[in-house]
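Accompanying notes for the structure given below.
Throughout, read-outs are computed from the coordinates displayed, never taken from laboratory work. The structure presented is a predicted model; accordingly, all values stated were derived computationally and were not measured. Note: ideal-geometry Cβ built from the backbone for every residue, glycine included; neighbour counts use all protein chains shown.
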Amino acid sequence: MNTGRTGFAYSQARLQARLGQSSDHAEIDRAHAARDLAGFLAAMRATSLRRYTARLAATLSPHDLERHLRGEWSALVDEVAQWQPAAWQPAIRWLRWLPYLPALQKLARDGRPPSWSRDDPVLGRIVAAEPALRPAVLDASPLRPLRPALMAQGDMVAAWQAHWRLLRPGESTAGRALDAIGAAAMTLDATLRDAPPGGGSAEAQRAFAARLLRLFRRHPLSPAAAVAYLGLKGLDLLELRGGALRRAVLAAGAA
């Protein structure tokens, strides 16, 4: 097994190459000008986000669109994790569960799962169980480290972060960079939650993306580069999700 900074050379080369293939904002803006979902997806397939659209179709329901996009995020995280030294792979793979935290938080607080979660391949078995049995079902899933927070009706984000720190092999400069990325993500989340209804999020997301890019460049040959890259790609997926869901919901309402 490779260790130390040289162990990240392969990952850095792959991440740099992928980042160099990113679409510019003009291409994305042209896609957002499409009036319907079919046109939006067709335009997105002319951008670097096309890799995330293979399983998306204009006939899918909003819930199915989100399920496919969660799958794309998980596949992306697993791919990037495979590029890392073995000691860091579990910590990177833990990022795949981030999209599930809001649903798990809702489950922990009042026991009423969102409707889409019943058909989700990860959450389906958990929400199908009686509330008293859900911690045991979760215990048999990859989300097992979150069981104490579910039972205590606690903070799922804090529980996820605590386990993420346990998975990171040792404290280092990389650890401080990873904490900086986490803090920036929490700041963005708070900004979006405090925004008025209908308020735009583009400026806050651009500021977050700029910070991620700085951290990516400042911490090459480290796990921080991988996490910053995934943050940037996560923003791309959020943009794709927002554009697709707006059009899907409007189409469903019209139907």
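With the convex hull constructed from alpha-carbon coordinates only, segment 82-213 shows a mean projected area of 9.7 nm² over all directions. When both segment 97-149 and segment 21-86 are represented by their alpha-carbon centers, they are found 26 Å apart.
Across segment 134-239, the relative contact order, built from alpha-carbon pairs under 8 Å that are at least six residues apart, equals 20 percent.
I need to check one value: relative contact order of the chain, counting alpha carbon pairs closer than 8 Å and at least 6 residues apart, in percent.
On the way: 243 pairs, mean separation 64.9, N = 255.
RCO, the chain: 25 percent.
Shape analysis of segment 1-91 places it in the oblate category; the axes a ≥ b ≥ c from the Cα gyration tensor give an a/c of at least 1.5, with a/b not above b/c. Distance between the modelled labels on ARG35 and SER115, one decimal in nanometres: 2.8 nm (7 Å Cα→Cβ projection).
The charge dipole of the chain, taken about its Cα centre with unit charges on the Cβ atoms of Lys, Arg (+1), Asp and Glu (-1) only, comes to about 360 debye. Between TYR52, TYR229, TYR100, the Gaussian network model of the chain with springs among Cα atoms under 10 angstrom shows the greatest mean-square fluctuation at TYR100. The shape of the chain comes out oblate: with a ≥ b ≥ c from the C-alpha gyration tensor, a/c is at least 1.5 while a/b does not beat b/c.
With an 8 Å Cα cut-off and a minimum separation of 6 or more residues, compute the relative contact order for segment 25-98 in percent.
That works out to 18 percent.
Report the extension gain between THR187 and LEU238 in nm, rounded to one decimal, defined as 0.36 nm multiplied by the number of residues separating them, less their alpha carbon distance.
Values: separation 51, 0.36 × 51 = 18.36 nm, distance 1.65 nm.
Extra length available between THR187 and LEU238 comes to 16.7 nm.
With a Förster radius of 45 Å, plug the Cβ-Cβ distance of HIS25 and ASP139 into 1/(1 + (r/R0)^6) and report the FRET value to the nearest 0.05. Calculated value: 0.50. In this structure, ALA252 and ALA13 have a Cβ-Cβ separation that, at R0 = 35 Å, corresponds to a calculated FRET efficiency of about 0.20.
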